[in-house]
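Since every read-out is calculated from the coordinates, none of them should be taken as a lab result. Computed from a prediction, not measured in an experiment: that's the story for all the values here. Every residue, glycine as well, gets a Cβ built from its backbone with ideal geometry; the counts of neighbours run over all protein chains shown.
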Amino acid sequence: MNPRISVIVPVYNVQNYLERCIESVLNQTFKNFELILVNDGSTDNSLNICKRYKKDNRIKIISQKNKGLSAARNKGLELAQGEYVSFIDSDDFVEKDYLKLLFENINKYSTDIAMCEYFLTNEKGKKYSIVRFNEPKTILVLSGRETLKYSYEKNGTSNIVAWNKIYKKTMFNNIKYKEGSYFEDDQIAGQLFYTAKRVSFVHQPLYNYVQRSNSIMHSSWNLKKYKDSQSIFYDKIKFFKGKDLELYKLSIQQYKHWIIELNNIDTSTMKLLNLQKDYRHYFGIMTSDNPRLILEDILGFINIRMTSKLKKIVKQLLHLQD
C-alpha cells in the first residue's frame, strides 16, 4: 500500500542540521508517509547521516552527482509514491503536527494545495519571528489565482516558497523545477497556483525556516544571481501573457519594481542586463492609476538609476518623520 504523503528532502552539505530535520519528520503525529532523502553530491558527512536511518522502512535514500536543489526536488518527484507531496529543506525542521494538520486541511476543503505559516529561527533552532499570510485570518480557502495575487503584495514569501505546503502530486505531472537556476521556487509558484483550482490555509506556524548566514539565499549577489532573477521575471511575464491580463500586469509591475530597487548594482551589470531598455519596453503597463506609481513609471522611463536614488532618499525622509 502506497503512503499518503511523500516528503522530499534535498540534501547537500548540511551535516550540522540534517539530523534535526530528519528527526522532525520521523516524529510526526501523522505516520503514513515516506521520506525521500535526495543526496545531491554532498562532500561532508551528510550521506552517512542519512544512512544511519536506513533501517526505517519509510525512508528512501537516493544519491546523485551535484545538480542543485531543483534537480534534487525533481528526482524526488520521480520517485514519490504518495498521493500528496511536501518539500522540506534539509537545514529546516517542522513541528510535530505539520503533516497532520496540512493533510486534514487539504482533505477537509478538497483543495490542490494546503499551506501554513512559518517560524523564522536561528541556526540553533530558536524561534524569533513568525511569518504570517498576506491573506486575512478569515480566509480559509481561495482559488489558486486569487492566492497568486496575494503573492505580489509585500511579504508574499509564504505563497512563493516550495516548502510550508503539501500538494496533490498530480500537480507536478506537467510542471517541473527549473534546474541550474537560483530562485526556482518563484519560477514554479506562478504555474502551480494558476493551475490549482482551490488552495487552503492553516493560519498557524508549523514550519521552521532556519536563517543561515552562509546559505545560498544569504550569499552576496553576482551576475548569475541577477540574470537568474531577471529570467524568472521573464518566465512569469511570458506565462501570463495571453492567459490573464491582471496577473500579466502584476508580473510586469513586480519586475519594474525590482529594477528600481537595485540600489547597489554597478553600471556595467545594469547595462549587461539591459535594465533601462527593459523598463522602457514595459513603460505604461501598470496595475493601478495611483499617482505615485505613475510618477515612478515616468521617472523610471527617463532614468532608472536616478529614480532609484530618489526613492531611497524619500524612504529615508519618511523614516525620519516616523
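Quick check: convex hull over the Cα atoms of segment 18-159, volume per residue in Å³, rounded to an integer?
Values: hull volume 19.7 nm³, N = 142.
Cα-based convex hull of segment 18-159, divided per residue, equals 139 Å³.
Would you grab the residues whose amide H sits under 5 Å from the one on N39? Only those 5+ places off in sequence or on another chain, please, with H modelled 1.01 Å from N.
V11, I62, S63, Q64
Peptides 172-182, 99-109: what's the order by average Cβ count within 10 Å, highest mean first?
Numbers: 172-182: 15.8, 99-109: 18.9.
Order by mean packing, descending: 99-109, 172-182.
How long are the three semi-axes of the equivalent ellipsoid for segment 220-271, computed from the Cα gyration tensor as the root of 5 times each eigenvalue, in whole Å, largest first?
Numbers: eigenvalues 114, 26, 11 Å².
Rounded to whole Å, the semi-axes are 24, 11, 7.
Which three numbers, in whole Å and largest first, are the semi-axes of the equivalent ellipsoid of segment 132-178 derived from its Cα gyration tensor as √(5λ)?
Values: eigenvalues 86, 33, 20 Å².
Ellipsoid half-lengths, sorted descending, are 21, 13, 10 Å.
Of the peptides 57-63, 85-91, 164-170, how do they stack up when ordered by the mean number of other Cβ atoms within 10 Å, highest first? Don't skip to the end; give the middle numbers.
Values: 57-63: 14.9, 85-91: 24.1, 164-170: 21.1.
The densest-packed peptide leads the list: 85-91, 164-170, 57-63.
Report, largest value first, the span of the C-alpha coordinates of segment 220-321 along each principal axis, in whole Å.
Projected onto the principal axes, the Cα atoms of segment 220-321 cover 43, 34, 23 Å.
For segment 220-321, calculate the relative contact order in percent as a whole number, restricting contacts to Cα pairs under 8 Å that are 6 or more residues apart. Please list the in-between numbers first.
Working: 59 pairs, mean separation 26.4, N = 102.
RCO, segment 220-321: 26 percent.
Which residue, S213, Q64, Y282, has the largest displacement toward the positive end of the dipole of the chain when charges sit on each Cβ (Lys, Arg +1; Asp, Glu -1)?
It is Q64, whose Cα lies furthest towards the positive end.
Classify segment 158-277: rounded, prolate or oblate, from the alpha-carbon gyration tensor (a ≥ b ≥ c, eigenvalue square roots; a/c under 1.5 rounded; otherwise prolate if a/b is larger than b/c)? Intermediate results must be reported in sequence, preceding the final value.
Details: a/c = 2.03, a/b = 1.32, b/c = 1.54.
Verdict is oblate for segment 158-277.
In terms of modelled amide H atoms, which long-range or inter-chain residues lie less than 5 Å from the amide H of V14?
S46
Report D for segment 149-229 in µm² per second (integer): Stokes-Einstein, Kirkwood Rh on Cα pairs, 37 °C, 0.692 mPa s.
On the way: Rh = 14.6 Å.
Calculated translational D: 225 µm²/s.
Give me F201, F240 sorted ascending by neighbouring Cβ count inside 10 Å, so fewest comes first.
Ordered by Cβ neighbours within 10 Å, fewest first: F240, F201.
What is the magnitude of the charge dipole of segment 5-217 about its Cα centre, with +1 placed on the Cβ of each Lys and Arg, -1 on the Cβ of each Asp and Glu, and no other charges, expressed in debye to the nearest 20?
Here the size comes out at about 300 debye.
Using the Cα gyration tensor of segment 69-119, with a ≥ b ≥ c the square roots of its eigenvalues, what is the shape: rounded (a/c below 1.5), prolate (a/b larger than b/c) or oblate (neither)? Don't skip to the answer; put the middle values down first.
On the way: a/c = 2.28, a/b = 1.27, b/c = 1.79.
The shape class here is oblate.
Give me the number: length gained by fully extending N174 to K271, i.e. 0.36 nm times residue separation minus the C-alpha to C-alpha distance, one decimal in nm.
On the way: separation 97, 0.36 × 97 = 34.92 nm, distance 3.55 nm.
Additional length available on full extension: 31.4 nm.
Over all distinct Cα pairs, what is the inverse of the mean 1/r for segment 2-93, reported as the Kirkwood hydrodynamic radius in Å?
Values: mean 1/r = 0.0782 Å⁻¹.
Computed over segment 2-93, the radius equals 12.8 Å.
From the P(r) of the chain, could you give the percentage of C-alpha pairs in the tail past 34 Å? Show your work: numbers first, answer last.
On the way: 14026 of 51681 pairs.
So the pairs more than 34 Å apart make up 27 percent of the total in the chain.
Any idea what angle helix 304-321 forms with the longest principal axis of the chain, computed on alpha-carbon atoms, 0 to 90 degrees, nearest 10?
80
Please give the Cα centre distance for segment 211-271 versus segment 1-79, rounded to the nearest Å.
30
Would you mind putting 187-199, 289-301 in packing order, based on average other-beta-carbon counts within 10 Å, highest first? Please list the in-between numbers first.
Working: 187-199: 20.5, 289-301: 13.8.
Going by the mean number of other Cβ atoms within 10 Å, highest first, we get 187-199, 289-301.
Express the relative contact order of the chain as a whole percentage, based on alpha carbon pairs under 8 Å and six or more residues apart in sequence. Working shown, then result.
On the way: 547 pairs, mean separation 52.5, N = 322.
Answer for the chain is 16 percent.
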